[in-house]
Amino acid sequence: MEIDSMEYLPVSAAQACILEAVNTLGAETVPLARSLGRVLAEDICANRDLPPYDVSAMDGFAVRSADLDGVPVELEIIEDIRAGDLPAKMVQAGQCARIMTGAPLPPGADAVVRVEDSQPVTESRVQFALAVKTGHDVRPRGENMRDGDVVLPAGSEITSGAVGILATVKAAQIQVCRCPRVAILSTGDELEALDAPLDPNKIPDANSYALLAQMQALGIEPVLLGIARDDPDELAQYLQRGLEYDVLLVSGGTSVGVHDYVRPTIEKLGVQMRFWRVAMRPGHPMAFGTTERTAVFGLPGNPVSSMVCVEQFVSPAMRRLMGHKNLFRRTVAARLTHPLKKRPGRTEFVRVKLGRDGQGYLASSTGTQGSGVLLSMAQADGLLVAPAESAGLEAGTEVMVQLLDGSAYQSEAG
Ligand code: AMP
Ligand code: MG
């Protein structure tokens, strides 16, 4: 994609440019217990029929359904069959077997009657008042999976349910797409490290940790490179270290201020920059470039802006690297509870809380939307996307909201 570096790229064009430049990483092996959230790099096949034979779906009695045509009927109990046992006897006319959930149906029987629908007569005799059809409360052989079937294709995300299936087919070690190795670098003379004493003249380094958390939410454990001062030589040293990773996230210093050295330094180090500006708010300036080995994101210094840029650009790229097919946050339609001022030209991402009424979701701004007001992000359930061309939205307008971390739960049971 040919892009004029001074152009303000629309958000979708910037996303397309980034996604064109990154590919799914190779495979690695992980133990099953560490596989949640990863993406399968191999097809997973069933290694037997499950259930391995027709089994009972209930605790009850295995019967010949024809015997129950003339209910009420009394039958002789010939044996007890538990899950994991094999039946020893054939059920003949007038007979039944006591059977537990998951136990194999004995030969001769073709249906199961639950205990609740039977009346004990003696230790070895039982009465039934209801007729059943063939197959009643029987789970047929292979209902779960059939030997050799692909149960989870390569490219599937490993959810908790998938972990259960992997355990079922005894996949103790699994081939998954490798996680990107990610480095995070904050830049700025004014920044105060987390462990430095509080200095009222400094700005605490929020970005290193907010970005760290955003990566952790994706299942990635990044490395914090620390804080580089606004000095080209020091910055070059830090950036060089960052270029040993699959992905380097640099925040601050990417603008055109006299102390913004990221841009010239990064280019000197051989990073091919694809773009520097995106038509969005918050989030400008936002840069992206690549080397053979590393995707480099130049994020805005303002904490909210950098987090919003991670949401729009970095996370989809990370998910592609990790092998995911669904790259973007789930969006929901919601109605605005208040008017929203906006000028046409840039896509705006408004931090909102979500509520509900009888008709669906309601979106309300978290309040002050300044790009340095990190509380607006901490309180948000989602990012309302106000389209670039919009010249303001009226109360009641239907809008799309990208759901953020922590929005998957609600206070009342559904
Ligand atoms: P810059 O893009 O370097 O001009 O930074 C823009 C604003 O973001 C300035 O007010 C910086 O102090 C602030 N800022 C930059 N980096 C960080 C950071 N790591 N944590 C918190 N604020 C930051
Ligand atoms: Mg700076």
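State all residues of region 191-225 that are in contact with a Leu (Cβ under 9 Å, 6 or more places away or on another chain) and within 15 Å of ligand 2 (Cβ to nearest atom); if no residue qualifies, say none.
192, 202, 203, 204, 205, 206, 207, 208
Is it the case that some residue within region 371-387 is of a type outside the set (A, V, I, L, M, F, W, C), at pLDDT 95 or above, farther than 23 Å from residue 328 by Cβ and more than 21 Å from the chain's Cα centre (by Cα)?
Looking only at region 371-387, we keep the residues that are of a type outside the set (A, V, I, L, M, F, W, C), and these are 371-372, 376, 379, 381-382, 387.
From what's left, at pLDDT 95 or above: 381-382, 387.
Okay, now just the ones that are also farther than 23 Å from residue 328 by Cβ, so none.
The answer is no; no qualifying residue exists.
In region 275-315, what residues are within 11 Å of ligand 1 (Cβ to nearest atom) and within 24 Å of the chain's Cα centre (by Cα)?
299, 303, 304, 305, 306, 307
Here are some conditions: (1) outside any loop (DSSP other than H, G, I, E, B); (2) in contact with a Ser or Thr (Cβ under 8 Å, 6 or more places away or on another chain); (3) open to solvent by less than 30 Å² (accessible area, probe 1.4 Å). Residue 113 meets all but one. Which one does it not meet?
(2)
List pairs: first residue in region 85-104 and outside any loop (DSSP other than H, G, I, E, B), second residue among the basic types (Lys, Arg) and modelled with pLDDT of 95 or more anywhere in the structure, Cβ distance under 9 angstrom, at least six positions apart or on different chains.
As it stands, the answer is 95/64; 95/89; 96/64; 97/89; 99/82, since those pairs meet every condition given.
Run down 267, 244 and say which single residue is more than 16 Å from residue 300 (Cα to Cα) and modelled with pLDDT under 95.
Values: 244 fails: modelled with pLDDT under 95.
Answer to the selection: 267.
Can you find a residue in region 221-230 that is farther than 30 Å from residue 37 by Cβ, in contact with an Asp or Glu (Cβ under 9 Å, 6 or more places away or on another chain) and open to solvent by 30 Å² or more (accessible area, probe 1.4 Å)?
yes
If you take the residues in region 265-313 that are without any contact (Cβ under 8 Å) to a residue 40 or more places away in the chain and in a loop (DSSP other than H, G, I, E, B), which one is nearest to ligand 2 (Cβ to nearest atom)? First the steps, then the outcome.
Applying the first criterion (without any contact (Cβ under 8 Å) to a residue 40 or more places away in the chain) to region 265-313 yields 265-272, 285, 287, 289, 292, 309.
Next, only the ones that are in a loop (DSSP other than H, G, I, E, B) stay: 269-271, 285, 292.
Values: 269: 19, 270: 23, 271: 19, 285: 11, 292: 28 Å.
Step by step, filter region 265-313, then rank; the result is 285.
Please specify each residue of region 26-74 satisfying the condition of being polar (S, T, N, Q) and within 30 Å of residue 116 (Cβ to Cβ).
Result: 56, 65.
Among 330, 351, which is of a type in the set (Lys, Arg), on the phi < 0 side of the Ramachandran plot, surrounded by 14 or more Cβ atoms within 10 Å (Cβ to Cβ) and in contact with a Leu (Cβ under 8 Å, 6 or more places away or on another chain)? Quick ask: steps written out before the conclusion?
Values: 330 fails: surrounded by 14 or more Cβ atoms within 10 Å (Cβ to Cβ).
Exactly one of 330, 351 is of a type in the set (Lys, Arg), on the phi < 0 side of the Ramachandran plot, surrounded by 14 or more Cβ atoms within 10 Å (Cβ to Cβ) and in contact with a Leu (Cβ under 8 Å, 6 or more places away or on another chain), namely 351.
Table: residues versus (1) away from ligand 1 (no atom under 11 Å from the Cβ); (2) under 21 Å from residue 307 (Cα atoms); (3) at pLDDT 95 or above; (4) not basic (Lys, Arg).
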{"position": "198", "(1), (2), (3), (4)": "yes, no, yes, yes"}
{"position": "203", "(1), (2), (3), (4)": "no, yes, yes, yes"}
{"position": "206", "(1), (2), (3), (4)": "no, yes, yes, yes"}
{"position": "210", "(1), (2), (3), (4)": "no, yes, yes, yes"}
{"position": "215", "(1), (2), (3), (4)": "yes, yes, yes, yes"}
{"position": "220", "(1), (2), (3), (4)": "yes, yes, yes, yes"}
{"position": "225", "(1), (2), (3), (4)": "yes, yes, yes, yes"}
{"position": "235", "(1), (2), (3), (4)": "yes, no, yes, yes"}
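Here is a check on your reading of the model: is residue 147 under 30 Å from residue 225 (Cβ atoms) and either among the acidic types (Asp, Glu) or touching a Phe, Trp or Tyr at 6+ places or on another chain (Cβ under 7 Å) (or both)? Lay out the reasoning, then the answer.
On the way: under 30 Å from residue 225 (Cβ atoms): no; either among the acidic types (Asp, Glu) or touching a Phe, Trp or Tyr at 6+ places or on another chain (Cβ under 7 Å) (or both): yes.
Answer is no for this residue.
Go through region 247-264 residue by residue and tally those that are away from ligand 2 (no atom under 13 Å from the Cβ) and modelled with pLDDT of 95 or more. First the steps, then the outcome.
First pass over region 247-264, keeping only residues away from ligand 2 (no atom under 13 Å from the Cβ): 247-249, 264.
If we keep only those that are modelled with pLDDT of 95 or more as well, we get 247-249.
Going through region 247-264 one residue at a time, the tally reaches 3.
Please work out if residue 235 is within 16 Å of ligand 2 (Cβ to nearest atom), in a strand (DSSP E or B) and farther than 18 Å from residue 194 by Cα. First the steps, then the outcome.
On the way: within 16 Å of ligand 2 (Cβ to nearest atom): yes; in a strand (DSSP E or B): no; farther than 18 Å from residue 194 by Cα: yes.
Against the criterion (within 16 Å of ligand 2 (Cβ to nearest atom), in a strand (DSSP E or B) and farther than 18 Å from residue 194 by Cα), residue 235 does not qualify.
Quick check, is residue 70 without any contact (Cβ under 8 Å) to a residue 24 or more places away in the chain, out of contact with any Leu (no Cβ under 9 Å at 6 or more places or on another chain), on the phi < 0 side of the Ramachandran plot and part of a loop (DSSP other than H, G, I, E, B)?
Values: without any contact (Cβ under 8 Å) to a residue 24 or more places away in the chain: yes; out of contact with any Leu (no Cβ under 9 Å at 6 or more places or on another chain): yes; on the phi < 0 side of the Ramachandran plot: yes; part of a loop (DSSP other than H, G, I, E, B): yes.
Judged against the criteria, residue 70 is a match.
Please return the ranges of strands (runs of 3 or more DSSP E) entirely within region 338-409 where 2 or more residues are touching a residue at least 24 places away in the same chain (Cβ under 8 Å) and more than 22 Å from residue 10 (Cα to Cα). Before the answer, list the steps.
Details: elements: 347-357, 360-365, 382-386, 398-403.
Per the criteria, 347-357, 360-365.
The values are calculated or read from the model by the stated rules, or taken from the named source; none is laboratory data. Not measured: the values here are computed from a predicted model. Because the Cβ atoms are built from the backbone with ideal geometry, glycine has one as well, and the counts that use them run over all protein chains shown. With ligands, DNA and RNA removed, areas are computed over all heavy atoms of the protein, side chains included. Shrake-Rupley method; radii C 1.70, N 1.55, O 1.52, S 1.80 Å.
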